[in-house]
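The values are calculated or read from the model by the stated rules, or taken from the named source; none is laboratory data. The structure presented is a predicted model; accordingly, all values stated were derived computationally and were not measured. Every residue, glycine as well, gets a Cβ built from its backbone with ideal geometry; the counts of neighbours run over all protein chains shown. Only protein heavy atoms, including side chains, enter the accessible area calculation; ligands, DNA and RNA are left aside. Shrake-Rupley method; radii C 1.70, N 1.55, O 1.52, S 1.80 Å.
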Amino acid sequence: MEYNFKDIEQRWQKYWKEHNTYKVEIDESRPKYYVLDMFPYPSGAGLHVGHPLGYIASDIYSRYKRLCGYNVLHPMGYDAYGLPAEQYAIQTGQHPEITTVRNINRYHDQLDKIGFCYDWDREIRTCDPKYYKWTQWAFIKMFNSYYDNDLQRACPIEKLVEKFASNGTDGVNAACSEQLSFTADEWNVKSDNDKENVLMNYRIAYLGNTMVNWCPKLGTVLANDEVSEGVSVRGGYPVEQKMMRQWCLRVSAYSQRLLDGLDSVDWTESLKETQRNWIGRSEGAEMKFKVAGTDIVLDIFTTRADTIFGVTFMVLAPESEYVSLLVTDDRRADVEKYLDEVKHKTERERLIEKQVSGVFSGSYAINPVTGKEIPVYISDYVLAGYGTGAIMAVPAHDSRDYAFARHFDLPIIPLIEGADVSEESFDAKEGKMINSSNENLQLDGLDVKEAIAKTKEYIKQAGIGRVKVNYRLRDAIFSRQRYWGEPFPVYYDEHNMPHVLDEEELPLELPEVDKFLPTETGEPPLGRAKNWVAKNGRPLELCTMPGFAGSSAYYLRYMDPHNDNALVSKQADEYWRNVDLYVGGTEHATGHLIYSRFWNKFLYDLGYVCEPEPFKKLVNQGMIQGRSNFVYRIKDTNTFVSYNLRKEYDVTPIHVDVNIVNNDVLDLDKFKAWRPEYANAEFILENGKYVCGYAIEKMSKSMYNVVNPDDIVERYGADTLRLYEMFLGPIEQSKPWDTNGIDGVHRFLKRLWSLFFKGDELQLTDTEPSAEAMKSLHKLIKKVTFDIEHFSYNTSVSAFMICVNELNAIKCTSKSVYKDLVVLLAPFAPHISEELWHVLGEEGSVCDAKWPEYDEKYLVESSVKYAVSFNGKTRFSIEVPAGMSKEDVEKAALSDAAAEKWIAGKTPKKIIVVPNKIVNIVI
RNA sequence: GCGCAUGUGGCGUAAUUGGUAGCCGCGCCAGACUUAGGAUCUGGUUCCGUAAGGAGUGGGGGUUCGAGUCCCUUCAUGCGCACCA
């Protein structure tokens, strides 16, 4: 009988659907296991072969866990809000929902063809009001919370109000945008409006004036992770810094917990490191510098407190609020001119120019340790967003300060013994201190690290500053001036103060608009909506939430997707808890994976979820790149020359559709039919074939290298696609899509199939399996079990091939062996396994079978081969009965006829016997 | 510049975790069958050498009886962060 994969796969996919094979319910009698894929954004191009790589891996794991007796939650859904649908809508006027739904349906079809075991009853879409109700709900909770630094958790904002009413800011240690200080009396006489303004400084979701990444081309602000090297990640448009009033999430309050939590999760070290970098903890000191002749005090942050004796000037960021306070009248014109220049430079230009620029403010500050007066400059090499936006400059030991000092001819005082600062600064934190002692503080002779500690101690005692930890992690900017996103559950009162809606009013549904562009007055698209007002008639927020809003808690919703009363019920949350295995790409390292952890921790603080970390184990699948093919046209002709002969001609390489190339050999007829201009093409062949060149490039339409899974499924079947994607190499590795090996995998399935049949008859019998067959099977069970647990799927596929070859070679026909083999294969190739399961006469779905366990007794060798080496060089091998003592193995090795030549009459100095491996004889 | 990975045949990769390097697959070579095919099956395939033998896991050095694996150093590639004070 032929292996008819088309028939088999269609039949079983239908069966699974009809029998709800993959439906999952809470079952307290069984242990749970939660396997999650990062849900896709349904783009118009459909799924390509890169997408399923991670999905297949997680599907195999889900099926394996189910066979092992776990109650496995394995859902799928769509991250449906996004820029491409919106931009398509702007161009065509078509509502983004229409394109989104169309794309989702396409994705769904494509996914089903690959045979995933998703429980589709739990599907979620972030653009569904029933879903985003809970995104809005979480926002309201964040608005109504503040972060208590002493308790290290989020608390209701009412608690803070109580504290203010009784003690003012005294004793309040809360995360805030700006350090405030007032008494209870001062608080109590404030107007409601003023109180609201104060509270906004503490809310976890707050409206704040912050420096934002503004992308004029996209017409929206972007979060830090959506900007890279001064341009937008999507589209690559320039991004500028702009002060705007925007909704923000106080993610920075969670910096330390986000950092600490990394130690408790099973993620790759590199991903954790990426997050640590992004959070960017640095320990240092905040120091106060008085401005001479004024009451103004400048706070600066430094990690090099030890270099205080080498501070020869100070620098403020151009955006610093102190700039206007410090500028003296005679310097005002110059400073304003400089500020104006800086303002018109985008961040990108600043980065590219890397030219030293700056201006003297006219003011002098007093070094709190030496008492010396030093000039205060303004320069854009100091960032407004980090630390306090002001620095103490130590040109001898900081390369940026050095460049600045050289440019403005400022003094450079070396502080470390032997450091040559005539050409460049000495930035390393090592060496002995010099020039660093006075009556207040003596650092000379100390090591840099000791000096840092001593200076910090002094700063505290002398009251000139404090020890401080700084984080690079910024609050997340949460407003987007777009249409296709979650509306904020926020309205504005007559004083333009924001208020959140009541939870009962959720979901606040996205309104219809006539166009998806900003209004003529520059308001976001929601400004076009009619009656965009709250129940009380007040105007609603016009911005929508960013893409990461909907993806931050979606894993919780899958646990209880139809619940209208809660994001997730207590029961569901306590049963499913968190994601045991999360599979997805590294590109979300500093976006989604930070925001989700933050969101989860926030809900954890409020008691809505029971686990502090959302994703226990995370596996990063690599990207699948495109493998483009080229043909070589001889210039000014319609003749194409084969790859290895192209050097003899003057040729132009042309991308050719990879779908008409097989194993780098061009299908000439299909090529002629591909484009009218090639209809009369002529070819110069090598060995009768036209061989194409290739290159590894991004998978894209323009390079004709996009391979979509449907084509592979059509040609080889889903099981071959699944096995082949796994066979390609380790799952976490990026690799080009290359069909060169797919035939081998397909051949394996055909060979397996043919083992079952002789002609059209089942050739398997109920006979007892031979010892050899049992050994082959149990080797496989052991290997595959180990491999799945370690996500080493490529070696599993190899193991299956070896086993099938062995069973074929020994002509094993025992049903019991094949039954176990089919169960082992089921996670990898579910369709053929279901079919063979029934061919073997079993009932029900193979999904409900039991994972076989291996028995060591079949794996014991009767005889063992030892390699015998002399002084580490292998010379011959011996075969001895298994279980021999070391001494007997030694004897056997020495008495072997081949040994004499190497021993040559000498007495061995030492003999090392490695069990089942090697006998090494040292002469 | 800092940090993290990775480097093995013509190609994708494997190596029981310090124990005979190259499993499995692709490709290639030879053969069988054949209705001549992009089907199937069998055997071979790291390199040099007719062979005996020798070399060999990016390069150099080290530890060890023994190193793809551990240590030092260097080169190359990929990724992350980057005027972060």
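Things worth noting here:
- Translational D in µm²/s for the stretch A:353-409 (Stokes-Einstein at 20 °C, 1.002 mPa s, Kirkwood Rh from C-alpha pairs): 175
- Directionally averaged projected area (the stretch A:231-364, Cα convex hull): 12.3 nm².
- A Förster radius of 60 Å, combined with the Cβ-Cβ distance separating A:T652 from A:D27, puts the computed FRET efficiency at roughly 0.40.
- A:T521, A:T586, ranked by accessible area, largest first (probe 1.4 Å): A:T521, A:T586
- Cut-off under 5 Å, modelled amide H: who pairs with A:G585 long-range: A:Q621
- Tensor-based shape of the stretch A:559-644 (alpha-carbon gyration tensor, a/c under 1.5 rounded, otherwise prolate or oblate): prolate
- Within the stretch A:126-195, all pairs of alpha-carbon atoms sorted by distance into 10 Å bins from zero give the percentages 19, 42, 24, 12, 4.
- Inter-centroid distance (Cα atoms) of the stretch A:275-311 relative to the stretch A:841-916, Å: 66
- Electrostatic tally near A:Y364: other residues with Cβ closer than 11 Å to its Cβ, Lys and Arg +1, Asp and Glu -1, net +1.
- 20 Å cut-off, amide nitrogen to a point 7 angstrom out along A:R466 Cα→Cβ, residues in the stretch A:178-198: A:178-184
- Placing a pseudo-label 7 Å from each Cα along the Cα-to-Cβ vector at A:N808 and A:S734 gives an inter-label distance of 3.7 nm.
- Each Cα pair under 8 Å and six or more residues apart adds its sequence gap; the mean of these over the residue count of the stretch A:1-77 is a relative contact order of 42 percent.
- On full extension, the segment bounded by A:E269 and A:N536 gains 90.9 nm, given 0.36 nm per residue less the C-alpha separation.
- The residues of the stretch A:483-523 expose, per residue, 51 Å² of accessible area to a 1.4 Å probe.
- Förster radius 56 Å - calculated FRET efficiency between A:M497 and A:R406 (Cβ-Cβ, nearest 0.05): 0.65
- Approximating the spin labels as points 7 Å out from Cα along Cα→Cβ, the A:K701-to-A:R751 distance works out to 4.1 nm.
- Accessible area of chain A belonging to carbon and sulfur atoms, whole % at 1.4 Å probe: 48
- For A:E283 and A:K909, the FRET efficiency from 1/(1 + (r/R0)^6), where r spans their Cβ atoms and R0 equals 41 Å, is about 0.15.
- Prolate/oblate/rounded call for the stretch A:695-837, Cα gyration tensor, a/c under 1.5 rounded: prolate
- Close amide H pairs (under 5 Å, H built 1.01 Å from N) link A:S145 with A:I157, A:I204, A:A205, residues at least 5 positions away or on another chain.
- Prolate/oblate/rounded call for the stretch A:599-754, Cα gyration tensor, a/c under 1.5 rounded: prolate
- The stretch A:764-809 and the stretch A:231-274: distance between their alpha carbon centers, rounded to Å: 45
- Charge tally around A:S628: other residues with Cβ under 13 Å, Lys/Arg +1 each, Asp/Glu -1 each, net -1.
- Taking all protein chains into account, the per residue accessible area for the stretch A:325-468 stands at 55 Å² (1.4 Å probe).
- Taking the stretch A:713-786 as the region of interest, the number of lysine pairs whose Cα atoms are within less than 27 Å, with members eight or more places apart or on different chains, is 10.
- Long hydrophobic helices in chain A, taken as whole DSSP H segments with a C-alpha length of 18 Å or more on their own axis and mean Kyte-Doolittle hydropathy at least 0.0: A:742-756, A:793-809.
- Share, in percent, of DSSP beta bridges within chain A that are antiparallel, nearest 5: 75
- Considering only the Cα atoms of chain A, their convex hull presents on average a projected area of 54.1 nm².
- Cα-based convex hull, the stretch A:66-170, per residue volume (Å³, whole number): 194
- Extension reserve of the A:L685-A:E430 stretch, reckoned as 0.36 nm per residue once the Cα distance is removed: 85.2 nm
- Listed peptides A:869-882, A:201-214, A:297-310 appear in the order A:297-310, A:201-214, A:869-882 once ranked by packing, highest mean of other Cβ atoms within 10 Å at the front.
- Model label sites at A:E789 and A:N20, defined 7 Å from Cα along the beta-carbon direction, differ in position by 3.4 nm.
- Neighbour net charge for A:V265 - beta-carbon separation under 12 angstrom, K R +1, D E -1: -3
- Extension gain for A:E761 to A:Q179 (0.36 nm times residue separation, less C-alpha to C-alpha distance): 201.2 nm.
- Intensity falloff of the stretch A:1-142 expressed as log10 I(q)/I(0), Debye formula with alpha-carbon point scatterers, at q = 0.10, 0.16, 0.20, 0.21 Å⁻¹: -0.43, -0.99, -1.29, -1.34
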